[in-house]
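Beneath this line is the structure, given in structure tokens, with notes to follow.
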Amino acid sequence: MRICVLHGPNLNLLGRREPDLYGTETLDEIDRRLRARGEELEVDLVSFQSNHEGDLVDHIQAEASRTDGWLVNAAGLTHSSVALRDALVASGRPFVEVHLTNIFAREPFRRRSLLSDAAIGVVTGFGRRSYLFGLDGLVVALRRDE
């Protein structure tokens, strides 16, 4: 099983950007934890981060045929990117949406996700653990379909 992790804009700044909200762990550290959990689950995990919407869309299109599912933190694009949503849906692969913070307890503009109704699940508000919970849920869902 192969899962692609997509990290959206500004997540490359984790560890330095608003640590009171996003924690002190870097994106590399989160990816290391995810790879370790992937090994435990016997899942091949590949991560990709971009600050550019089109690069994320291109990556989804390029990887869709080699991917069983997506773990997606679209960051700010969650609230604005129809193109990202369309690419994920067009991939024909299930995805779980994750967020470090509880987007529903933040500013009003962050409470709307363009992805969540197309996702098989949403994990929000558990810091770095949101990724791990999302990965576990995605793997369970994919294995149920095997």
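Details
- Scanning region 5-28 for residues that are small (Gly, Ala, Ser) and under 16 Å from the mean Cα position of the chain (by Cα) yields a single hit, Gly8.
- Whichever residue in region 62-112 is β-branched (Val, Ile, Thr) and touching a Gly at 6+ places or on another chain (Cβ under 9 Å) and, among such residues, is nearest to Ala141 (Cα to Cα): Val96
- Some residue of region 54-63 being within 27 Å of Glu39 (Cα to Cα), small (Gly, Ala, Ser) and within 16 Å of the chain's Cα centre (by Cα): no
- Filtering region 42-51 to residues that are more than 15 Å from the chain's Cα centre (by Cα) and either farther than 25 Å from Val140 by Cβ or surrounded by fewer than 18 Cβ atoms within 10 Å (Cβ to Cβ) (or both) leaves Glu42, Asp44.
- Residue that is free of Cβ contacts under 8 Å to residues at least 12 places away in the same chain and in contact with a strand residue (DSSP E or B) (Cβ under 9 Å, 6 or more places away or on another chain), where the choices are Asp117, Asp55, Asp31: Asp55
- Among the residues making up region 128-141, those that are at pLDDT 95 or above and either closer than 13 Å to Asn73 by Cβ or buried (at least 19 other Cβ atoms within 10 Å of the Cβ) (or both) are Arg129, Ser130, Tyr131, Leu132, Phe133, Gly134, Leu135, Leu138, Val139.
- Candidate set from region 104-121 (those that are hydrophobic (A, V, I, L, M, F, W, C) and touching a His at 6+ places or on another chain (Cβ under 8 Å)); member that is modelled with the lowest pLDDT: Phe109
- Checking each residue of region 131-144 against the condition of being touching a Ser or Thr at 6+ places or on another chain (Cβ under 9 Å), closer than 29 Å to Asp20 by Cβ and of a type outside the set (Phe, Trp, Tyr) gives no match.
- Selection of first residues in region 83-106 that are under 22 Å from Leu132 (Cα atoms) and of second residues that are modelled with pLDDT under 95 and surrounded by fewer than 14 Cβ atoms within 10 Å (Cβ to Cβ), restricted to Cβ pairs under 7 Å at least 6 apart or on distinct chains, gives the following pairs, ordered by first then second residue: Thr101/Leu21; Ile103/Arg111; Phe104/Arg111.
- Filtered residue count, region 10-27, keeping only those that are over 24 Å from Glu39 (Cα atoms) and touching a residue at least 40 places away in the same chain (Cβ under 8 Å): 4
- Residue in region 2-9 that is in contact (Cβ under 8 Å) with a residue 24 or more places away in the chain and charged (D, E, K, R) present: yes
The values are calculated or read from the model by the stated rules, or taken from the named source; none is laboratory data. Just so it is clear, the structure is predicted and the values come from calculations on it, not from any experiment. Don't worry about glycine lacking a Cβ; one is built from the backbone with ideal geometry, like all the others, and counts go over all protein chains shown.
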